[in-house]
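The values are calculated or read from the model by the stated rules, or taken from the named source; none is laboratory data. Quick caveat, the model's predicted, so the values are computed rather than measured. FYI the Cβ positions are ideal-geometry reconstructions off the backbone, even for glycines, and counts take in every protein chain you see. Note: accessible area is taken over every heavy atom of the protein model, side chains too, but ligands, DNA and RNA are not part of it. Shrake-Rupley method; radii C 1.70, N 1.55, O 1.52, S 1.80 Å.
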Amino acid sequence: MSSYTLSDATRARWDREVAKYPYELRQSAVMAGLAIVQQEDGHVSRAAEEAIAAHLGMAAIAVHEVTTFYNMYNQQPVGKLKLNVCTNLPC
């Protein structure tokens, strides 16, 4: 398991998002946490998923399920541009 180091700025951003929810519903901030990491790192690594899970008090696999379900989260570094092809109605 790799470690993901949170910068003070990242932790402050996470804390602001988590504070929007009652303590028992803090897991609702998972998508915001993923978005913050991706904005800062360009992708969401497994180590970052584990850090988000620990911060929100949830299982790392639950965070990974969110990351893999939505195609807006990059699980690996991507190039300058990312092309998505939509093949279904909801998208």
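So in the stretch 1-18, with the set limited to residues that are assigned to a loop (DSSP other than H, G, I, E, B) and open to solvent by 70 Å² or more (accessible area, probe 1.4 Å), which one is nearest to Asp41 (Cα to Cα)?
Among them, the one singled out is Thr5.
Taking the stretch 58-72 as the region of interest, how many residues are open to solvent by 60 Å² or more (accessible area, probe 1.4 Å) and either under 21 Å from Cys86 (Cα atoms) or within 11 Å of the chain's Cα centre (by Cα) (or both)?
Number satisfying all stated conditions: 6.
On the given criteria, is Gly57 at positive phi, in contact with a helix residue (DSSP H, G or I) (Cβ under 8 Å, 6 or more places away or on another chain) and not charged (D, E, K, R)?
Yes, satisfied.
For Val44, only one of the following conditions fails: (1) touching a Leu at 6+ places or on another chain (Cβ under 6 Å); (2) among the hydrophobic types (A, V, I, L, M, F, W, C); (3) open to solvent by 40 Å² or more (accessible area, probe 1.4 Å). What is its number?
Going through the list (1) touching a Leu at 6+ places or on another chain (Cβ under 6 Å); (2) among the hydrophobic types (A, V, I, L, M, F, W, C); (3) open to solvent by 40 Å² or more (accessible area, probe 1.4 Å), Val44 breaks only (3).
Yes/no per residue for (1) of a type in the set (Lys, Arg); (2) modelled with pLDDT of 90 or more:
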site	(1), (2)
Ser2	no, no
Ser7	no, no
Pro22	no, yes
Ala35	no, yes
Ala54	no, yes
Asn71	no, no
Lys82	yes, no
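Suppose the filter is of a type outside the set (Lys, Arg) and either touching a strand residue (DSSP E or B) at 6+ places or on another chain (Cβ under 6 Å) or farther than 18 Å from Ala9 by Cα (or both); does Val66 pass it? Before you say what the answer is, go through the steps one by one.
Values: of a type outside the set (Lys, Arg): yes; either touching a strand residue (DSSP E or B) at 6+ places or on another chain (Cβ under 6 Å) or farther than 18 Å from Ala9 by Cα (or both): yes.
Judged against the criteria, Val66 is a match.
Could you figure out which of (1) β-branched (Val, Ile, Thr); (2) modelled with pLDDT under 95; (3) more than 20 Å from Val78 (Cβ to Cβ) isn't true of Ile61?
Single failed check for Ile61: (2).
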